[in-house]
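First comes the structure, then the notes that go with it.
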Amino acid sequence: MTTIDHAAPQIAQRRILATAIPGPKSAALHAEKLAAVASGVGTTLPVYVVASGGGVVVDVDGNSLIDFGSGIAVTTVGNSAPAVVDAVTEQVRAFTHTCFMVTPYESYVQVASALNRITPGDHEKRSALFNSGAEAVENAVKIARAHTGRQAVVAFDHAYHGRTNLTMALTAKSAPYKSGFGPFASEVYRAPMSYPFRDGDLDGPTAARHAISVIEKQVGAENLAAVLIEPIQGEGGFIVPAPGFLPALADWCRANGVVFIADEIQSGFARTGHMFACEHEGVVPDLILTAKGIAGGLPLSAVTGRAAIMDAPRAGGLGGTYGGNPLACAAALAVLDTIESENLIERARHMGEIMLDRLRTLSTTDTRIGEVRGRGAMIAVELVEPGSTTPDSALAQRIAGYAHAQGLIVLTCGTYGNVLRFLPPLSMPDHLLHEGLDILEQAFRDN
């Protein structure tokens, strides 16, 4: 497998610990952060970045950390992918903004056309561009309501869809995302998610029948505008539903005139070894939501879907001042070119094979690893008390803290806070991927 090198020439692709993590300069900057930035804006690892590329992040103290986070699945093609850097630089020289709703530009149309082409299904599609994942979710709900004339929306246990008022209502986890911020938007209902590690022998179709029964009894298909689901849940714990769960839900929605929305904000754009995670089971959503990996770190999101549904809102009903900003559109086109030209879908599969093999081998000797799961370069381990399914969030924090001190960026997630998630950029060379896994193995031995 060819290694993709997206680092600037001066960034060595190796881990360097020049100081303790965080170092003195980062510590000083973090003190300034605490004085200047609202305390509600948290920080996982207070190292202050000066450069990044390939598979490393370099801080102000000269430390070079292995990146298993990708800015939460954003820098999939790398933090400094040459095509993205060149495209954005060229666009900056031309113009930075006009507002597409006032005086439009070609790159917005090109991004929409590309999304219509690469998303699942060969039906006629339309796209609309926004700034963030939460905006994509909110606008998808608006579109579904306009199309169906119905109000209710169903989301799932363990779901995460954003931090705005409506998306907090759709999100399952209370702290830190919802607690103290209500009241929330109405007509949002929750159904049980397929969670194989905690469902016992419940297969996908059976889990879907259970969810559908809850929906029919508590909401009613005649009142339901949309079912919204992450094909692989992100913040909820990288939960991969049992085979058959997603297709059964999609079939029920189609039979009942309900809009089936796939939230691919974290799982999209080659991350899982397909361009989109719902392709693993051949699911074709009515609407698909994208953000994060779409533009290499520039703010952009999209709703793409069936033309008849997308065209339901009247002119002016969708939009936003910055939605589809020309810099972000230039970056997105370069990202899509990079995914294709460098065969990053196959690269994600290769990285997933390495991670799954190493982590599953580790799990055979450490009974605190309840499950290793995921697809492509979107992998997680769920940590439990030995030999049980009881969540062990304290262990997850210890392992993450150990990794951080050793120069490896890892993230935690999960409803119970007991899941370690791994999202390396697809530009990471294999030797760094293995070194990061070496650190994790040592973390389990020492904790």
For this session: May I ask you to verify whether ALA262 is within 15 Å of the chain's Cα centre (by Cα) and either closer than 18 Å to LYS142 by Cα or without any contact (Cβ under 8 Å) to a residue 24 or more places away in the chain (or both)?
Result: yes
For this session: With the checklist (1) aliphatic (A, V, I, L, M); (2) farther than 23 Å from GLU279 by Cα; (3) part of a helix (DSSP H, G or I) in hand, flag the one item ILE212 doesn't pass.
Result: (2)
For this session: Return the only residue of ARG126, ARG150 being in the same structural domain as VAL109 (by TED's automatic domain parsing), closer than 17 Å to ILE215 by Cα, at pLDDT 95 or above and touching a helix residue (DSSP H, G or I) at 6+ places or on another chain (Cβ under 7 Å).
Result: ARG150
For this session: Identify, by number, the condition in (1) in a loop (DSSP other than H, G, I, E, B); (2) under 25 Å from VAL240 (Cβ atoms); (3) more than 21 Å from the chain's Cα centre (by Cα) that PRO183 doesn't meet.
Result: (2)
Problem set entry | Hits in the range 40-88 (condition: on the phi > 0 side of the Ramachandran plot and assigned to a loop (DSSP other than H, G, I, E, B)) | GLY54, GLY62, GLY78
Problem set entry | Filter result (small (Gly, Ala, Ser) and either in contact (Cβ under 8 Å) with a residue 60 or more places away in the chain or in contact with a strand residue (DSSP E or B) (Cβ under 6 Å, 6 or more places away or on another chain) (or both)) within the range 221-259 | ALA225, ALA226, GLY234, GLY236, GLY237, ALA250, GLY257
Problem set entry | Output for the range 386-441, where each listed residue is at positive phi and assigned to a helix (DSSP H, G or I) | none
For this session: Please go through the range 89-117 and pick out each residue that is free of Cβ contacts under 8 Å to residues at least 40 places away in the same chain and either surrounded by 14 or more Cβ atoms within 10 Å (Cβ to Cβ) or hydroxyl-bearing (Ser, Thr, Tyr) (or both).
Result: THR89, THR103, VAL109, SER113
Exercise. Mind checking which pairs have a first residue in the range 61-74 that is of a type in the set (Phe, Trp, Tyr) and a second that is assigned to a loop (DSSP other than H, G, I, E, B), Cβ under 6 Å, 6 or more apart or different chains?
Worked result: PHE68/VAL410; PHE68/PRO424
Exercise. So which residues in the range 42-58 are touching a Lys or Arg at 6+ places or on another chain (Cβ under 8 Å) and buried (at least 22 other Cβ atoms within 10 Å of the Cβ), if there are any at all?
Worked result: VAL56
Exercise. When the range 186-209 is examined, which residues are found to be among the charged types (D, E, K, R), part of a helix (DSSP H, G or I) and over 19 Å from GLU382 (Cβ atoms)?
Worked result: ARG209
Problem set entry | Index of the failed condition, ASP357 passing every other in (1) closer than 21 Å to ALA277 by Cβ; (2) touching a residue at least 60 places away in the same chain (Cβ under 8 Å); (3) charged (D, E, K, R) | (2)
Problem set entry | Residue list for the range 365-409, restricted to those being in contact with a Lys or Arg (Cβ under 8 Å, 6 or more places away or on another chain) and of a type in the set (Asp, Glu) | GLU382, GLU385, ASP392
For this session: State whether one or more residues within the range 262-275 are in the same structural domain as ASP201 (by TED's automatic domain parsing), out of contact with any Lys or Arg (no Cβ under 6 Å at 6 or more places or on another chain) and closer than 18 Å to VAL372 by Cα.
Result: yes
For this session: Report, by residue number, each residue of the range 12-57 that is farther than 21 Å from THR412 by Cα and of a type in the set (Val, Ile, Thr).
Result: ILE16, THR19, VAL37, VAL50
Seminar exercise, completed: How many residues of the range 119-134 are closer than 24 Å to GLN91 by Cα and not small (Gly, Ala, Ser)? The answer is 3
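Residues checked against (1) closer than 17 Å to GLY268 by Cβ; (2) assigned to a helix (DSSP H, G or I); (3) under 17 Å from the mean Cα position of the chain (by Cα):
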position	(1), (2), (3)
LEU298	yes, no, yes
ARG314	no, no, no
ILE354	no, yes, no
LEU359	no, yes, no
Exercise. Name the pairs whose Cβ atoms lie under 8 Å apart, with the first residue in the range 157-171 and over 16 Å from PRO192 (Cα atoms), the second surrounded by fewer than 17 Cβ atoms within 10 Å (Cβ to Cβ) and aromatic (Phe, Trp, Tyr), and 6 or more positions between them or separate chains?
Worked result: ARG163/TYR177; ASN165/PHE181; ASN165/PHE184; LEU166/PHE184; MET168/TYR177; MET168/PHE181; MET168/PHE184
Exercise. Among the residues of the range 275-328, which ones are of a type in the set (Lys, Arg) and buried (at least 18 other Cβ atoms within 10 Å of the Cβ)?
Worked result: LYS292, ARG306
Exercise. So, of the residues in the range 159-208 that are at positive phi and not charged (D, E, K, R), which turns out to be surrounded by the most Cβ atoms within 10 Å (Cβ to Cβ)?
Worked result: GLY162
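The values are calculated or read from the model by the stated rules, or taken from the named source; none is laboratory data. This one's a predicted model, so the numbers in the text were calculated from it and none came from an experiment. FYI the Cβ positions are ideal-geometry reconstructions off the backbone, even for glycines, and counts take in every protein chain you see.
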